[in-house]
Amino acid sequence: MQLKSALLQATQLLEQGAIASPRLTAELLLCHALSRDRAWLHAHSDEPLSEVAWIHFGRYLHERLNGKPLQHITHRQEFYGRQFRVTPDVLIPRPETEHVIEVALRRAPNARRAIDIGCGSGALAVTWALETTAKVFATDISLPALTIARENAQALHAPVHFLATHLASALQPASFDLVLSNPPYIPDTERESLQREVRDHEPPVALYGGPTGVEIYQPLIADAARILRPGGSLVMEIGYQAQERVRAMLDPHFTGFEVDHDLAGWPRVVSACYSP
Ligand SMILES: C[S@@+](CC[C@H](N)C(=O)[O-])C[C@H]1O[C@@H](n2cnc3c(N)ncnc32)[C@H](O)[C@@H]1O
């Protein structure tokens, strides 16, 4: 069978299975089976599919049709133009989280010491270390997540200091110019309404923020106030409808509150300046 026929059949199967972006998913799974990129695939679509690649491709299709996220099959996700390794131990970095980097670059481009609280795969910390000259720290409460984050930092040559701790509790007071965080913020009550790819495959510690989803922001903001120097910046991702509650928690120690929206128009990133 030619590669293009295999792609056509796979796309139809994925479409029937109500998988989002069936053609792109089929291409990425076939690329993974062939250990090639999409440019190669497009240039060689008349070539035959080997038996070994067909076996791998069939298995990947089966896994995706059963709800396994594409990124857990390919073990890769792009973030801010770089490839990150992902496993079921870390949140798959989302494109909207790139806004955290953009907002921080606007608010604190010259931060000398920065920290990512709840680093997961290391997407924010590694990106900040590679996009700026800051000394970068990253924490997570999950040891398996820290292992993946360290691997990503090493693979991408990003000098990041990792620590296993609750939020930033192991860090010195008044020692940072910038705090970045994308904490878990999905309300526990929304568990059943999540897509199966998220609910059944991503780590609960990375998803749920408490009964209403905003519970983690109070201790996170208290820790940020403790470790930031006066004038330092806090940039956090927020969930749906959390904006006003998080703004209230930032009062009165943070000023210059701003909200940035994602491409879908949702308030996604809040930022403020520590003004004790
Ligand atoms: C939503 S994920 C974000 C991961 C990554 N920063 C990203 O944007 O892709 C939240 C991360 O916070 C970590 N986390 C949850 N509770 C924590 C806590 N109390 N202290 C430190 N990290 C925590 C989770 O293990 C998870 O890796």
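The values are calculated or read from the model by the stated rules, or taken from the named source; none is laboratory data. Note that the structure is predicted; figures quoted are calculated from it, not measured. Here the Cβ is made from the backbone with ideal geometry for all residues, glycine too, and neighbour counts use every protein chain on show. In case anyone asks, the SASA skips ligands and DNA or RNA and just uses the protein heavy atoms, side chains included. Shrake-Rupley method; radii C 1.70, N 1.55, O 1.52, S 1.80 Å.
For the stretch 130-148, filtered to residues that are out of contact with any helix residue (DSSP H, G or I) (no Cβ under 6 Å at 6 or more places or on another chain), open to solvent by less than 10 Å² (accessible area, probe 1.4 Å) and without any contact (Cβ under 8 Å) to a residue 40 or more places away in the chain, the residue that is nearest to the ligand (Cβ to nearest atom) is Thr139.
State whether one or more residues within the stretch 20-28 are open to solvent by less than 70 Å² (accessible area, probe 1.4 Å), farther than 29 Å from Ile186 by Cα and modelled with pLDDT of 95 or more. The answer is yes; a qualifying residue exists.
Is there a residue in the stretch 105-118 that is outside any helix (DSSP H, G or I), surrounded by 20 or more Cβ atoms within 10 Å (Cβ to Cβ) and within 9 Å of the chain's Cα centre (by Cα)? Scanning the stretch 105-118, I find no residue that is outside any helix (DSSP H, G or I), surrounded by 20 or more Cβ atoms within 10 Å (Cβ to Cβ) and within 9 Å of the chain's Cα centre (by Cα), so the answer is no. Residue pairs whose Cβ atoms lie under 8 Å apart, separated by 6 or more positions or on different chains, with the first residue in the stretch 20-44 and over 16 Å from Gln71 (Cβ atoms) and the second among the β-branched types (Val, Ile, Thr), are Pro22/Thr11; Arg23/Thr11.
Tell me, please, whether a residue that is within 14 Å of the ligand (Cβ to nearest atom) and either among the polar types (S, T, N, Q) or open to solvent by 10 Å² or more (accessible area, probe 1.4 Å) (or both) can be found in the stretch 172-182. Yes, the stretch 172-182 contains a residue that is within 14 Å of the ligand (Cβ to nearest atom) and either among the polar types (S, T, N, Q) or open to solvent by 10 Å² or more (accessible area, probe 1.4 Å) (or both). Within the stretch 45-67, restricting attention to residues that are charged (D, E, K, R) and free of Cβ contacts under 8 Å to residues at least 12 places away in the same chain, which residue is least open to solvent (accessible area, probe 1.4 Å)? Looking at residues that are charged (D, E, K, R) and free of Cβ contacts under 8 Å to residues at least 12 places away in the same chain, I get Glu63. You will find that of Gly122, Gly81, the residue that is surrounded by 17 or more Cβ atoms within 10 Å (Cβ to Cβ), modelled with pLDDT of 95 or more and not acidic (Asp, Glu) is Gly122 and no other. If I filter the stretch 237-250 for residues that are farther than 24 Å from Pro109 by Cα, in a strand (DSSP E or B), within 12 Å of the ligand (Cβ to nearest atom) and in the same structural domain as Thr97 (by TED's automatic domain parsing), do I get at least one hit? The answer is no, given that none of the residues of the stretch 237-250 is farther than 24 Å from Pro109 by Cα, in a strand (DSSP E or B), within 12 Å of the ligand (Cβ to nearest atom) and in the same structural domain as Thr97 (by TED's automatic domain parsing). Taking the stretch 82-97 only, how many residues are more than 7 Å from the ligand (Cβ to nearest atom), charged (D, E, K, R) and assigned to a loop (DSSP other than H, G, I, E, B)? Summing the residues that are more than 7 Å from the ligand (Cβ to nearest atom), charged (D, E, K, R) and assigned to a loop (DSSP other than H, G, I, E, B) in the stretch 82-97 gives 1. The residue pairs whose first member lies in the stretch 151-172 and is more than 13 Å from Val136 (Cβ to Cβ) and assigned by TED's automatic domain parsing to the domain that holds Gly122, whose second member is more than 10 Å from the ligand (Cβ to nearest atom) and not hydrophobic (A, V, I, L, M, F, W, C), and whose beta carbons are closer than 8 Å, counting only pairs six or more residues apart or on different chains, are Glu151/Arg85; Ala155/Arg85; Ala168/Arg226.
Can you find, within the stretch 204-223, the residue that is surrounded by the fewest Cβ atoms within 10 Å (Cβ to Cβ) among those that are over 19 Å from Val90 (Cβ atoms) and near the ligand (Cβ under 10 Å from one of its atoms)? Selected residue: Pro219.
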